[in-house]
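Just below is one structure, and these are the notes that go with it.
The values are calculated or read from the model by the stated rules, or taken from the named source; none is laboratory data. Quick caveat, the model's predicted, so the values are computed rather than measured. Methodologically, a virtual Cβ is constructed for each residue, glycine included, from the backbone with ideal geometry; neighbour enumeration extends over all protein chains shown.
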Amino acid sequence: MTTSVTIELPDRLVEIVGSPEGTADLARQALVLALLRGGTLSHGQAAEMLGLSLWDSLPMAAEAGVRMGPQTPEELREEVESLRQMMSRTSRP
């Protein structure tokens, strides 16, 4: 499902990008990446909205300054503990 949104932009922006369609694509990408960076969207959701695989979306997210992976030792410990718990649940017969 999609919704059309109309925004007014200076003509110069469209000229710089090269076309109204390219400008719309860039605006959609910027919005999705802003929501990803803010934690509103997951990486998977953002990739889907951009029409990319999760793998293909990672370089774009990194360029946009999106945090990836644990940022502190405590976050790393929490992720390792979470993985251990998941593995112990799945390795039981």
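General remarks:
- Inside region 64-85, residues that are closer than 22 Å to Gly22 by Cβ and either over 11 Å from the mean Cα position of the chain (by Cα) or touching a residue at least 40 places away in the same chain (Cβ under 8 Å) (or both) make up a count of 0.
- Matching entry among Gly22, Gly38 (being at pLDDT below 95 and within 24 Å of the chain's Cα centre (by Cα)): Gly38
- Screening Thr23 against (1) in contact with a helix residue (DSSP H, G or I) (Cβ under 8 Å, 6 or more places away or on another chain); (2) among the β-branched types (Val, Ile, Thr); (3) part of a loop (DSSP other than H, G, I, E, B) leaves a single unmet condition, (3).
- Where a residue in region 9-31 is more than 19 Å from Ala47 (Cα to Cα) and its partner, wherever it lies, is part of a helix (DSSP H, G or I) and of a type outside the set (A, V, I, L, M), with Cβ under 8 Å and at least six apart: Leu9/Thr23; Leu13/Thr23; Val14/Pro20; Val14/Thr23; Val17/Thr23
- From the options Arg84, Arg67, Arg89, Arg12, residue that is at pLDDT 95 or above and either assigned to a helix (DSSP H, G or I) or out of contact with any Leu (no Cβ under 6 Å at 6 or more places or on another chain) (or both): Arg12
- Pairs where the first residue, in region 40-61, is free of Cβ contacts under 8 Å to residues at least 12 places away in the same chain and the second is assigned to a loop (DSSP other than H, G, I, E, B) and of a type in the set (Phe, Trp, Tyr), C-beta under 7 Å, 6+ apart: none
- Single residue of Ala47, Ala62 found to be in a helix (DSSP H, G or I), over 24 Å from Met1 (Cα atoms) and small (Gly, Ala, Ser): Ala62
- Selection status of Met49, hydrophobic (A, V, I, L, M, F, W, C) and more than 10 Å from the chain's Cα centre (by Cα): no
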